[in-house]
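Encoded as structure tokens, the structure appears first; notes follow it.
Every read-out reported here was derived from the displayed coordinates using simple, explicitly stated rules and does not represent laboratory data. It should be emphasised that the depicted structure is a prediction, and the values quoted were computed from it without experimental measurement. Virtual Cβ from ideal backbone geometry, glycine too; neighbours counted across all protein chains shown.
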Amino acid sequence: MNDWFRWTAVPALMIGGVLPSYAVTYLTVEQAQQAIFPGAKLTSANVKLSDAQRKAIEKASKVRVRSPEQKVWKVEGGGWFILDEVLGKHEFITYAVGLNADGSVKQIEVMDYRETYGYEIRNQKWREQFVGKTSQSKLKLDDDIKNITGATLSSRHLTDGVKRLLSFYDLVLK
Amino acid sequence: MLLGVCQTRADENLFGYTYTADVLPKGKWELEQWVTGRIGKESGTFFGSDLRTEIETGLTDRLQGSLYLNYNYFYIKNAQGSSGPIDDRNRFGVSGTSAEFKYQMLSAYKDSFGLALYLEPGYGTIEGSDGSRHQEIELEGKIILEKHWFEDSLVGTFNYTLEPEWAKGEGDHRFNVSLKMEGATGLACRFAKHWYGGLETRVQTEFADANLNKSSFVAAFVGPSLHYGRDRWWATLTVLPQVWGWPDSHGTGGLHLDDHERLEVRLKFGYNF
């Protein structure tokens, strides 16, 4: 048993140290804000959700709220910029959602993707499916949001994340 | 800038023995290397090592195909199985080849559970339990069920396997048929970035002459599995001691050490390209 531990653990650790890994930051927060609301003035309006608010969002969206802290910016002239994370295969995917003054999705941007694969969620055409969605939208994969073959986990978690943020807007920001 | 790359997270093995219903997307490739150590008979020294090199690809978005090359190393000295002695050996050899087809009917990421059908025809020339030369044709079929909870952080899977085998040992004049049946379960939890830890169970039995009234043995295994995954590669280690078997050296329940060993340890490594 001890021999086996040496034979397997040591090579595994060596491989872990040698093989490449990727961490790609596509956009900073400021760049994402400018991409969604060019030239607009944004004011930080972070929210800490109460237990009741978390439960209400989870009930409305049917998506778990992982953290009570939500990073939010209010856009001068109307609208919201929300920074969020969802689970990727191995790490978190950081993304931003811009909401119009009426609470509909203006644009989403994938800002930080820490895995090599799954880039398709950044494709503009795929992200455009979310434009105009509200808390009343289905936001269901293979229904009103097309799945990306081979990136199902990322597609579904991002779709669920947007659904949760729209409920957050509806129940907290509105 | 990374538009030439696409996601092939599918078919990352969270378990050493139990399969999930994931498949590679069409046109994607994965290279896997398996090393399985089988250690300990009734007495003496028994070390059997099964090595498997596999190349797999997505034939369609639902159908995955693979080719395996299997080879073994045996070191056996003064070993006794449950029913008698095993010849001494110190030998490495290529034991055969097999193919695998896995068809995903439901995805655990989109549907309420995952479901896949699996078929593995194979040809072998080395008997795994004692390293002796023989000829074996096998056809392994599985039903694979998979269920996810907590945003895919907890993964459960169940495999039901039927495997008819036609084997002809040294001195045999004809192939003898047998039927293996196995139930395997796995439960793995993502406990940190990149890491899954879990538990696997296997219960295997074999019926001589493929007659369900002629059970040759039963062996049950339970043990932990550990998985580490990064962007392009992953590794999984499972340690699976036999916890119960029949018949033991007294012909009753205990540990069955003819067809199986006291301990199995499997390390898998996969690389996507």
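Computed quantities for the displayed model
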{"read-out": "Fewest-first sequence of B:Arg262, B:Arg133 by Cβ atoms within 10 Å of each Cβ", "value": "B:Arg133, B:Arg262"}
{"read-out": "At R0 = 60 Å, FRET efficiency that the Cβ-Cβ distance of A:Ala52 and B:Met181 yields, to 0.05", "value": "0.70"}
{"read-out": "Efficiency of FRET from Cβ geometry, B:Asn213 and B:Thr60, R₀ 51 Å, rounded to 0.05", "value": "0.80"}
{"read-out": "Spatially proximal aspartates and glutamates relative to B:Lys41 (Cα-Cα < 18 Å; intrachain offsets below 8 disregarded)", "value": "A:Asp3, B:Asp50, B:Asp87, B:Asp88, B:Glu127, B:Asp130, B:Asp248, B:Asp258, B:Asp259, B:Glu261, B:Glu264"}
{"read-out": "Average partner coverage of B:221-232, which counts Cβ from other chains inside 10 Å", "value": "4"}
{"read-out": "Lys, Arg +1 and Asp, Glu -1 on Cβ, resulting dipole of the protein assembly as shown about Cα centre, debye, nearest 20", "value": "1880 debye"}
{"read-out": "Cβ-based net charge around B:Ile86, under 10 Å, with every Lys or Arg adding one and every Asp or Glu removing one", "value": "-2"}
{"read-out": "Separation of the A:Ala40 and B:Leu69 label points, Cα + 7 Å toward Cβ, nm", "value": "5.9 nm"}
{"read-out": "Calculated FRET value between A:Thr25 and A:Gln124, using beta carbons and R₀ = 22 Å, to 0.05", "value": "0.75"}
{"read-out": "Neighbouring partner chain Cβ atoms per residue of B:102-111, average, 10 Å criterion", "value": "3"}
{"read-out": "Local electrostatic count, B:Leu237, Cβ distance below 10 Å [Lys/Arg +1, Asp/Glu -1]", "value": "+2"}
{"read-out": "For chain B, size of Cβ-based charge dipole, Lys and Arg +1, Asp and Glu -1, in debye", "value": "640 debye"}
{"read-out": "Cα-Cα over 28 Å, subset of A:Lys89/A:Lys146; A:Lys55/A:Lys125; A:Lys62/A:Lys146; B:Lys147/B:Lys214; A:Lys174/B:Lys147; A:Lys71/A:Lys125", "value": "A:Lys55/A:Lys125; B:Lys147/B:Lys214; A:Lys174/B:Lys147"}
{"read-out": "Nitroxide proxy distance, nm - points 7 Å out along Cα→Cβ at B:Leu117 and B:Glu170", "value": "4.1 nm"}
{"read-out": "Trypsin sites (Lys or Arg not before Pro) within the range B:35-81, DSSP loop, no more than 11 other Cβ atoms inside 10 Å", "value": "none"}
{"read-out": "Calculated on alpha-carbon atoms, Rg and Dmax of the protein assembly as shown in Å", "value": "25.9, 89"}
{"read-out": "Of all DSSP beta bridges in the range A:76-148, antiparallel share, percent nearest 5", "value": "95 percent"}
{"read-out": "Separation between Cα centres of the range B:153-220 and the range A:125-174, rounded to whole Å", "value": "41 Å"}
{"read-out": "Full-stretch length increase - B:Thr53, B:Leu199 - with 0.36 nm per residue and alpha-carbon distance subtracted", "value": "50.1 nm"}
{"read-out": "Rough spin-label spacing in nm, given labels placed 7 Å along Cα→Cβ, for B:Val94 and A:Val131", "value": "5.7 nm"}
